[in-house]
Amino acid sequence: MSLRNIVSTMAETSTLLQVVKEVKPKPSSTRDCFAARVERTTARFPNHTAVIFEGQRLTWSELNALANRYAAALRTQGLVRGDAVSLMMENRIEFLAAIIALNKLGIIAALINTNLTGKPLIHCINITQSRLCIFGEEQLEAVDQVRTEPELAGIESWLFVSDAKATPCPDWAVDFDKESAGKPSDNPSHTGQNTLADTALYIYTSGTTGLPKASVISNRRFLLASAMSYKGGLKCKENDCIYLCLPLYHGTGLFLGVGASFSTGAAMYIRRKFSGSAFLSDIRESGATCFIYIGELCRYLLNTPQKADDHSSTLTAMMGNGLRPDVWHEFKSRFGIKRIAEFYGSSEGNVAFVNMLNKDCTVGTTSIPIALVKYDVDADEIVRDEKGHLIKVANGEPGLLLGKITEKTAFEGYTSKEDTEKKILRDAFAKGDAWFNTGDLMKTVDVGFSLGLPHYQFVDRIGDTFRWKSENVSTNEVGEIINGHPQIDFCNVYGVEIPKADGKAGMASLVLAPGVDALDIKSFSAYVNEHLPAYARPVFLRIQPELDTTGTFKMVKGELRKQGYDLDQVSDPIYVLKPRSDTYTLLDKEFADILRAGKAGY
């Protein structure tokens with residue numbers, strides 16, 4: 001154990017103590033919310049820059065005033081506390097103003113993925129029972145396609161927010177810009193009524209088939225996640241600037257970036273979408289000191305042409321998840337990063353880890369009661385002892401991560417009680433206990449001196465879900481869609497590794513329908529492109545004469561995963577969906593060698 005390791009760890013002790021103080025449980029009736037943090041930040045730093053976006057700069061006073069005008073306009077729509085409003089808008093200033101305004105009034109913002117159209121969009125609006133929908137001009141086409149559909153229920157009014165001003169507000173919508181112009185810009189009294197227990201947001205899981213679940217996010221959850229960021233992760237203050245290019249309808253960018261800014265006064269530099277070529281020029285132009293990442297972005301940035309001065313910028317700290325160990329050190333060195341605060345968590349879960357001690361290649365530690373239990377990956381099932389109880393793994397051994405559900409570590413779940421219950425393991429170690437099943441394998445890792453705190457590393461998703469392109473892919477949902485193709489009798493979907501790619505690529509072993517001698521690749525490719533989002537489309541297809549199953553007819557995936565797309569182990573035909581292609585082609589030795597070398601470009 002090196003002296004340097006001990007000294008650097010001890011230097012983080014004050015950070016750890018601050019985080020412990022910040023996350024100390026408070027009564028559910030405590031009055032607080034993220035809009036209240038904005039009001040307090042505005043009072044402290046009215047003339048500091050709050051947000052930079054496409055050449056525009058707004059101070060905290062200006063951003064808060066815009067949110068107040070939005071709130072005043074929303075009050076005329078007949079909304080009451082606890083109502084839900086769908087919000088569908090790209091990353092921009094008006095998105096921030098809208099979520100602040102809704103939170104001030106105690107209205108739940110249902111944050112819609114801006115890529116959704118058709119039935120998935122209708123589903124997301126319906127499951128939150130939204131009364132209104134605020135949408136940006138850039139989403140007009142998607143909204144117009146569904147607004148008159150009979151399946152869509154509950155929307156009383158559509159509120160249009162201009163963007164490029166290329167298209168005027170349609171006659172079936174309310175022009176929210178005009179409606180809010182001239183409204184009072186002072187803080188509404190409603191903000192002070194919000195409590196930690198109140199639901200602030202609905203954030204959707206990545207539904208593989210476009211039918212996500214809505215996770216319930218309370219003010220407490222939002223503020224705790226944000227505190228972990230600005231106190232323990234980024235360690236940012238009012239003179240910092242946070243670079244945000246992740247979609248803000250997801251929790252990573254919203255909680256860790258926007259939330260940290262709301263509470264500290266740090267400025268936000270916002271992009272609609274990530275751009276690898278613009279990354280360093282944006283950082284240098286804005287003076288950004290902090291970056292909210294996902295592993296996929298870091299891997300992509302490493303693949304951009306390297307320059308001798310890549311390390312020369314104001315960027316020093318970053319926080320996010322999914323940064324692989326084989327990318328970690330190279331990224332840190334190339335871009336001059338001093339602090340990487342990798343975290344682990346999910347929008348709906350009660351478990352969170354944060355790397356607050358600035359250790360390498362770890363998601364850090366947690367104060368939440370957890371258990372790592374034995375899981376049989378090949379059989380895809382939890383291992384139990386003779387009494388039916390779960391078995392905890394030894395240090396360093398991968399195990400299924402569970403988070404204990406208590407009054408202080410509640411599992412807020414989804415809007416659907418049925419979906420919520422499916423994620424709970426009851427009577428796991430003792431009668432009456434309850435644990436949130438993360439569906440992830442984790443293990444403890446040795447990081448040197450760590451104040452006696454165990455540190456952890458993400459290992460893999462289990463069973464019927466895997467990660468690809470920073471999204472969760474459900475093998476069951478993909479399989480159901482593929483089974484709908486007329487030439488497919490049945491399929492078995494699983495994840496396989498591709499060197500130097502983030503997560504696991506989808507692979508589907510297919511059994512053709514009776515009477516079908518060969519798969520029509522063009523027809524199948526078109527079908528997959530139409531019915532599955534890009535990240536959920538299998539990268540590989542394997543045509544098998546029959547599927548292997550257990551004695552209880554459960555599909556066997558272990559051996560298929562091990563064989564993968566290795567042409568030396570598999571004699572069945574294998575097809576591949578190459579990067580930037582929309583049609584499967586037969587996998588040959590030449591491309592298989594490119595895959596093994598990690599040069600395929602996934």
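The values are calculated or read from the model by the stated rules, or taken from the named source; none is laboratory data. Everything quoted here is computed from the prediction, not taken from an experiment. In this analysis, Cβ positions are derived from the backbone assuming ideal geometry, glycine residues included, and neighbour counts consider all displayed protein chains.
Annotations for the structure displayed:
- Check on residue 501, surrounded by 17 or more Cβ atoms within 10 Å (Cβ to Cβ), under 30 Å from residue 328 (Cβ atoms) and at pLDDT below 95: yes
- Matching option when the condition is surrounded by fewer than 22 Cβ atoms within 10 Å (Cβ to Cβ) and within 28 Å of residue 273 (Cβ to Cβ), among 223, 246, 211, 196: 211
- Subset of region 189-219 that is of a type outside the set (S, T, N, Q) and under 15 Å from residue 104 (Cα atoms) - its residue that is nearest to the chain's Cα centre (by Cα): 201
- Candidate set from region 348-363 (those that are closer than 12 Å to residue 442 by Cβ and either in a loop (DSSP other than H, G, I, E, B) or among the acidic types (Asp, Glu) (or both)); member that is modelled with the lowest pLDDT: 351
- Scan region 425-439 for residues that are in contact with an Asp or Glu (Cβ under 9 Å, 6 or more places away or on another chain), at pLDDT 90 or above and within 30 Å of residue 536 (Cα to Cα) and the total you get is 2.
- Per the conditions (1) in contact with an Asp or Glu (Cβ under 8 Å, 6 or more places away or on another chain); (2) farther than 28 Å from residue 535 by Cβ; (3) outside any helix (DSSP H, G or I), the sole criterion not satisfied by residue 237 is (1).
- All positions within region 443-452 that are of a type outside the set (Ser, Thr, Tyr) and touching a helix residue (DSSP H, G or I) at 6+ places or on another chain (Cβ under 8 Å): 448, 449, 451
- Region 447-466 - residue that is hydrophobic (A, V, I, L, M, F, W, C) and in a strand (DSSP E or B) and, of those, nearest to the chain's Cα centre (by Cα): 466
- Residue that is nearest to residue 357 (Cα to Cα), among those in region 446-469 that are in contact with an Asp or Glu (Cβ under 7 Å, 6 or more places away or on another chain) and surrounded by fewer than 21 Cβ atoms within 10 Å (Cβ to Cβ): 461
- Pair list, Cβ < 6 Å and 6+ apart or interchain, from region 148-163 residues that are assigned by TED's automatic domain parsing to the domain that holds residue 89 to residues that are part of a loop (DSSP other than H, G, I, E, B) and at pLDDT 95 or above: 154/129; 156/131; 158/173; 160/169; 160/173
- Region 304-347, residues that are part of a loop (DSSP other than H, G, I, E, B), over 30 Å from residue 202 (Cα atoms), of a type outside the set (D, E, K, R) and in contact (Cβ under 8 Å) with a residue 24 or more places away in the chain: 304, 306, 311, 312, 313, 314, 315, 316, 335, 336
- Residue satisfying all of: in region 359-410; basic (Lys, Arg) and in contact with a strand residue (DSSP E or B) (Cβ under 8 Å, 6 or more places away or on another chain); nearest to residue 343 (Cα to Cα) among these: 359
- Applying the set (1) surrounded by 14 or more Cβ atoms within 10 Å (Cβ to Cβ); (2) more than 30 Å from residue 302 (Cβ to Cβ); (3) more than 25 Å from the chain's Cα centre (by Cα) to residue 481 leaves exactly one unmet item: (3).
- Residue check for residue 374: among the basic types (Lys, Arg), assigned by TED's automatic domain parsing to the domain that holds residue 414 and either in contact (Cβ under 8 Å) with a residue 40 or more places away in the chain or touching a Gly at 6+ places or on another chain (Cβ under 8 Å) (or both): yes
- Checked against (1) of a type in the set (S, T, N, Q); (2) within 27 Å of residue 237 (Cα to Cα); (3) surrounded by fewer than 22 Cβ atoms within 10 Å (Cβ to Cβ), residue 76 passes all but condition (2).
- Selection of strands (runs of 3 or more DSSP E) fully inside region 467-564 by the criterion of at least 1 residues being touching a Leu at 6+ places or on another chain (Cβ under 7 Å) returns 488-497, 504-512, 540-543.
- Of all the listed residues (34, 53, 45), the sole one being under 16 Å from residue 260 (Cα atoms), among the hydrophobic types (A, V, I, L, M, F, W, C) and under 29 Å from the mean Cα position of the chain (by Cα) is 34.
- Selection from region 548-576 of residues that are modelled with pLDDT of 75 or more and either farther than 16 Å from residue 497 by Cβ or of a type in the set (D, E, K, R) (or both): 557, 559, 561, 562, 566, 568, 571, 572, 573, 575
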